[in-house]
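Input: a single structure, listed below in structure tokens.
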Amino acid sequence: MINQIRVELTRYRVRRAATFMLLALAVLVLVGVTKVAWDTRPLTAQDRQDAIAQAKMSAQRSGVSDLIAQCQQKPTDWLGPQATAADCVDRLTPEPKYPRVDLNLERLISEGKDTLPSEGNLLALLVAAGLMISAAMFAGGPYASGSLSTQLAFQPRRFRVWAAKAIAVAICSLAHSILFIAAFWVALYFVADSRGLSPSSEQLTAVSWHTLRAVIFAVGASVGAFALTVVIRNTMATLALLLFATFGGEVLVNFVPISGAGRWSLANNAMGWLVPGHTYFDATIHCAPGQECTSMQAMSHLQAGSYLAVLLIVVLALSALAFRRQDV
Amino acid sequence: MTEPAIQIEGLRKVYRGLGGRIAALDGLDLTVPTGGIHGFLGPNGAGKTTTLRLLLGLTRPNSGTMHMLGQPLPDRLLDVIDNVGALIEGPLFSRSISGRKNLQLLARSMGRPVKVVDTALEQVGLGKDAKRSFRSMTTAQQQRLGIASALVKDAALVLLDEPTDSLDPADTDNFRTILRELNDRGTTVLLSSHDLAEVQQLCTTVSIIGDGKLLAEGKVEDLVGERAARTAVRVDSPDQALSLLEKALYDVHRDGDMLVVQGHERPEEITKILAQAGLFVSELSAIRPNLHDYYLELTGHEPREDPREEVAP
């Protein structure tokens, strides 16, 4: 078995597609680090002056000085029993809005900003996607070229071949995901350190756990993509199906007439696994009359991890069974 | 008596597709004797490749029994696979990997030392070129690599599916030499080919299949040899000669200026009978139906009817 795993590891590594994918992921990490470093670059004196001037203008335009004056007459009415006139100025004067914030590693793994996941999560998703494509090509290539029949003519122990291929995918995905995800965080750590913003131990702990979850996610996703390709026997068809499941599945879930169907969305579960305290809007939630409920739902790592693990196990079982029986 | 290298009985394989069920093999019987080079013939779609794929466990039969090197298949395939070299459906390798690397990986997957790869590559004359990626090799080089893959194993039996396709005459000659050397070392060869002349030249025994069934099987000379041969005779008075030979109970008919006598076991008897009547033979030759004609007859095609073209001296 060890021998077979070595053979499959070599087959995985020496492919040109694998090399291209590694290069693409390396570029992705470089771009990601550069973008975060640029977006969080230290404020210049001019930036600060502009922000303060903007805040003053804003205060004048919105009649804030009138409000402050009214507050200063009766501060306790405005700000509570302990308030003083000075508090009125502090708390009612608009804060300057600086064009960017300092680099904070923990912010990069929190919930998404605007429509995109935050940089740490986006990187984890893209690394997983890259490794999934690589794994699907590794599995589908021998079907496309017909070389799988040559491989099996030399080693007809089908389960052994399948398991060795799956393990090779897992090992390579593990190594590559650790390499790229860790490279991203280590680079940002040094960027923060160089700016005198040494991350706290809480931040480092949060990032470490996130890295672990991202690596597990990437390995599971790539092994799953491999297994699914073995069932479908075509790389492009597998990737198309995964794309449909990811995006089309979201649309479908929103139309399912079952309350709480968002719990079963692949994207929600993927984000639930990666993002600490992930919340999502579930359009399928139906509130009974008189009952208080919200469409914002929370998903824990355990819930998401269980869902993804069961999905992976089912695909692996189907794949192993299909490989044993299929004509090649 | 030696056990056959391959023994197949009542083998049936049905493929299901959008167009319905297609029986690739419909009760095929096949016996490949140990030690020789056995030709495996049949039209496209007759089931030759399916048979070879079934023997290698690449697909599963619906019914029937198979034995290879004395072991029942597919149950005991693992016991014999290390002794069965194969080239099925052309050379099929990972395209971005070099030829040598492809063979090394295959050898390692079955626990063979990597040095056997170099030996196999030398045998097929593919030393330096094997460093190129499979994709960038010429078709002939890819074919040679495929043949080399069949030589990587310590094979007692080699299954070859149209191995000389896309080889030039020099490569084909080289391949035939390799095949004979293999056979001289005791390796049994099952050679599926469309090149009937090649099969007739190389093979000691042959099986012809059509529509998934066995049509004929046996030694090549038995199938197309002396029993089926005829004798062409040219004399000055063919009508008189015809009468004489018929009286001597020969199965004879006239074909233009020639007489055609069924059989070619004892041509001297014919000359003797005619000479005794003062008729002297100016030409006497054997007409041997070749494998090509025999194959066409069996598979439902009419061979050309021009005995002169087929006359052998």
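Each reported figure results from applying straightforward, stated rules to the coordinates on display, with no laboratory input. Just so it is clear, the structure is predicted and the values come from calculations on it, not from any experiment. Cβ sites come from the backbone with ideal geometry, for glycine too, and all protein chains shown count toward neighbours.
Of B:86, B:229, B:170, which has the largest mean-square fluctuation in a 10 Å C-alpha GNM of chain B?
It is B:170.
Taking K and R as +1 and D and E as -1, what net charge do the other residues with C-beta under 12 Å from the C-beta of residue B:194 add up to?
On the way: positive: B:48; negative: B:161, B:162, B:165, B:195, B:198.
Once positives and negatives cancel, what remains is -4.
Quick one: which residues, 5 or more positions from residue B:41 or on another chain, have an amide H under 5 Å from its amide H? H modelled 1.01 Å from N in the peptide plane, none for Pro or chain starts.
B:207, B:208, B:209
Calculate the FRET efficiency for residue A:254 and residue A:170 from the Cβ-Cβ distance with a Förster distance of 35 Å, rounded to the nearest 0.05.
Details: r = 34 Å, r/R0 = 0.96.
That gives a FRET efficiency of 0.55.
Taking neighbour counts of Cβ atoms within 10 Å as a proxy for exposure, in what order, fewest first, do B:247, B:13, A:56 appear? Could you put the intermediate results ahead of the total?
Values: B:247 9, B:13 23, A:56 14.
Ranked by crowding around the Cβ, least crowded first: B:247, A:56, B:13.
Kyte-Doolittle cut-off 1.0, length cut-off 27 Å along the helix's own axis using Cα: show which whole DSSP H helices in chain A pass.
Long hydrophobic helices here: A:16-39, A:119-145, A:158-194, A:201-232, A:301-325.
Which lysines does residue A:56 reach when only Cα atoms under 18 Å apart count, and residues fewer than 8 places away in its own chain are ignored?
Filter leaves A:97.
Note down the nm distance, to one decimal, between modelled labels 7 Å out along Cα→Cβ at residue A:292 and at residue A:311.
So the label points at residue A:292 and residue A:311 sit 3.3 nm apart.
Would you tally the net charge around residue A:76, using a Cβ to Cβ cut-off of less than 14 Å, leaving residue A:76 out, and scoring K and R as +1, D and E as -1? Don't jump to the answer; show the numbers that get you there.
Numbers: positive: A:74, A:91; negative: A:77, A:87.
Charge balance in the 14 Å sphere: 0.
Can you list the HN-Hα couplings for the stretch B:194-210, worked out from phi with the Karplus curve (6.51, -1.76, 1.60; θ = phi - 60°), rounded to whole Hz and with x for Gly and Pro?
9, 7, 5, 5, 5, 5, 4, 6, 9, 8, 8, 10, 8, 10, 10, 10, x
Quick check: residue separation of residue B:268 and residue B:280 times 0.36 nm, minus the Cα distance between them. What number comes out in nm? Before the final figure, lay out the partial values.
Values: separation 12, 0.36 × 12 = 4.32 nm, distance 1.21 nm.
Answer, rounded to one decimal: 3.1 nm.
Applying 1/(1 + (r/R0)^6) with R0 = 30 Å to the Cβ-Cβ distance of residue A:54 and residue A:85, what FRET efficiency is obtained, to the nearest 0.05?
Numbers: r = 25 Å, r/R0 = 0.84.
Efficiency at R0 = 30 Å is approximately 0.75.
Comparing B:249, B:69, B:296, which has the greatest mean-square fluctuation in the GNM of chain B with Cα pairs linked when under 10 Å apart?
With Cα springs under 10 Å in chain B, the top fluctuation among B:249, B:69, B:296 is at B:249.
Taking 7 Å along the Cα-to-C-beta vector as the label spot, tell me the residue B:115-residue A:61 distance in nanometres, rounded to one decimal.
8.4 nm
Nearest 500 deg cm²/dmol is fine: what mean residue ellipticity at 222 nm does the protein assembly as shown get from its DSSP H runs of n ≥ 4 alone, each adding -39,500 (n - 2.57), divided by its residue count?
Working: 26 runs with 336 residues, N = 641.
Value at 222 nm, helices only, nearest 500: -16500 deg cm²/dmol.
In which sequence would A:278, B:292, B:253 go, from the one with the fewest C-beta neighbours within 10 Å to the one with the most?
Details: A:278 24, B:292 17, B:253 14.
Fewest-to-most Cβ neighbours within 10 Å comes out as B:253, B:292, A:278.
In a GNM of chain B with a 10 Å cut-off on Cα contacts, which of B:223, B:18, B:291 has the highest mean-square fluctuation?
Answer for the Gaussian network model of chain B: B:18.
Show which lysines lie in cross-link reach of residue B:272 when reach means a straight Cα distance below 17 angstrom and same-chain residues fewer than eight apart are skipped.
Once the sequence-local lysines are set aside, what remains near residue B:272 is B:247.
May I ask for the net charge around residue A:47, where only other residues with Cβ less than 11 Å from the Cβ of residue A:47 are counted and Lys, Arg are +1 while Asp, Glu are -1?
On the way: positive: A:41, A:48, A:97, A:100; negative: A:50.
Charge balance near residue A:47 sits at +3.
Test of understanding: ordering B:252, A:230, A:256 by Cβ neighbours within 10 Å, fewest first, what list do you get? List each step's numbers first, then the result.
On the way: B:252 22, A:230 26, A:256 14.
Lowest count first: A:256, B:252, A:230.
Among the Cys residues of chain A, which have no other cysteine Cβ under 4.7 angstrom away?
For chain A, the answer is A:172, because their Cβ atoms have no other cysteine Cβ under 4.7 Å.
Treat each spin label as a single point 7 Å out from the Cα along the C-beta direction, and report the residue A:301 to residue B:16 distance in nm.
For residue A:301 paired with residue B:16, the spin-label model returns 4.5 nm.
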